[in-house]
Amino acid sequence: MSLAELRTKDVVNTLDGKRLGKVMDIEFDPRDGRVEAIVVPGEFRVGSLIRGEKCGIVIPWQHICRIGENVILVELEPGDILE
């Protein structure tokens, strides 16, 4: 599966049913090329926009439950979210 294909899928947290957005980036281990996390848009912050920073929620690969045809299901507790 390519990043382009991942970007078309909605990411949904199975614990609260909240839609987190679409995949905007991935993080991978440069040593072996394995995907370590996906990144979805975070909360909008004006200061970050002015500085040209992207805000995103990093979802570690081990929190992904299932990747379907249209959706990626993740299991995230509030303490699991990294921005």
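For a quick check: sort V11, V40 by the number of other beta carbons within 10 angstrom, fewest at the front.
V40, V11
Once amide H atoms are placed 1.01 Å from N in the peptide plane, what residues at a sequence separation of 5 or more from R7, or on another chain, have their amide H within under 5 Å of its amide H?
Placed amide hydrogens put nothing under 5 Å from R7.
Each value in this text was obtained by applying a stated rule to the coordinates, not by laboratory testing. Model, not experiment: these values are computed from the prediction. Don't worry about glycine lacking a Cβ; one is built from the backbone with ideal geometry, like all the others, and counts go over all protein chains shown.
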